[in-house]
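Structure record follows, encoded as structure tokens.
The values are calculated or read from the model by the stated rules, or taken from the named source; none is laboratory data. Keep in mind that this is a model prediction, so the values were computed, not measured. We place every Cβ from the backbone using ideal geometry, glycine too, and count neighbours over all the protein chains shown. The accessibility values were calculated without ligands, DNA or RNA, using every heavy atom of the protein model including side chains. Shrake-Rupley method; radii C 1.70, N 1.55, O 1.52, S 1.80 Å.
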Amino acid sequence: MAFAHMRIAAFTAALLLAAGFGTLAHAQNMEPTIYSDGASCPGDCDSHVVLHPERNGTSVAFDPASSRSNPRRCTKGEMCRICFSAADSSCLTVRYRGGGPPRNKFDFTPAFYDVFCPQPGLPEPLKRKCAGLKANSDSMLRTRVYCLATPDHPGCAEIISAAKDKKTADQPDWDRCRQIGEPAFNREQGANRKRQRSEGCSYEKAGTGGPNSNGVTWRRLLPAVCTKDNTYVGRDGLDCCDSSLMTLGGLGKECTPFLVPK
């Protein structure tokens, strides 16, 4: 009889865990990453986090008015309590802007790192990430200048001019697509698939990025979508590069076209 009760208890516990109950059900280690995709970035790419929808309302991302043991979902545009691991010391409260990355990642903007990295007492995963971003940018800047941070440097004029030209050339299509809507815009292009757009007009429809080492291609972010001044699409069309050294340190090779020798 005792054995039967043990089997029932174990089965019940398994169901509870599968359903997402209990603090450890979703308290997996989370990795901080960085993104900056221009007009596609909510909140004008202010300091915020986006995360996988399945993580919202769990012990790693919950409404601060609730608790890890009884979490409620975070609301877009409002503050959200996020935790990098099962340890409560890994938690901090940030603004939540919606869904995006894979399940095990918290995706932050460069503005987030600019605001939080100087602060003391950060959770260890975030502290390590901040140190890594600074180390990356310091390494790249030992012998080079980052033109988006120092656009008046003599060696930057040609690079900035070329980036502006690409942005200007794409602007009419970006404006037209938003004016009449993506389906109508793509119909106007007819067989010219290279000018068709996707993801709310922000990305190319036919992916030309890559292939990467795994043979994967991707849709490139288009130049005019990097709407802010002195902000331009990166090398592989993955993100917008801006003047923040956190962007340079985080996006790495994406922003290397804007580096010139000292």
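Observations on the model:
- Qualifying chymotrypsin sites (Phe, Trp or Tyr not before Pro) in segment 31-86, where qualification requires a DSSP coil assignment and no more than 16 other C-beta atoms within 10 Å, are lacking entirely.
- Which labelled figure in [x] 175; [y] 114; [z] 144 is volume of the Cα convex hull per residue in Å³, once derived from the coordinates: [x]
- Check: segment 117-187 dipole with +1 on Lys, Arg Cβ and -1 on Asp, Glu Cβ, in debye: 280
- Rounded percent of accessible protein surface that carbon and sulfur make up, segment 130-226, 1.4 Å probe: 51
- Dipole magnitude for segment 194-247: about 300 debye, using +1 per Lys or Arg Cβ and -1 per Asp or Glu Cβ, origin at the Cα centre.
- Across the chain, Cα pairs under 8 Å and at least six residues apart give a relative contact order of 19 percent.
- Separation between Cα centres of segment 162-188 and segment 202-262, rounded to whole Å: 18
- The amide H of residue 105, built 1.01 Å from its N in the peptide plane, has 31, 52 as neighbours under 5 Å, considering only residues 5 or more places off or on other chains.
- Mean separation of Cα contacts under 8 Å (6+ apart) over length of segment 83-200, as relative contact order %: 13
- Residue-averaged 222 nm ellipticity for the chain, from DSSP H runs of 4+ at -39500 (n - 2.57), nearest 500: -10000 deg cm²/dmol
- Long-range lysine pairs (8 or more apart or interchain), the chain, Cα under 13 Å: 4
- Solvent exposure of segment 115-208, expressed per residue, is 60 Å² of accessible area, with all protein chains present and a 1.4 angstrom probe.
- Dipole magnitude of the chain about its Cα centre (Cβ charges: Lys, Arg +1; Asp, Glu -1), debye to nearest 20: 540
- Beta bridges per DSSP with both ends in the chain, % antiparallel, nearest 5: 80
- Short-range pairs are left out: with C-alpha atoms under 8 Å and at least six residues apart, the relative contact order of segment 139-247 is 22 percent.
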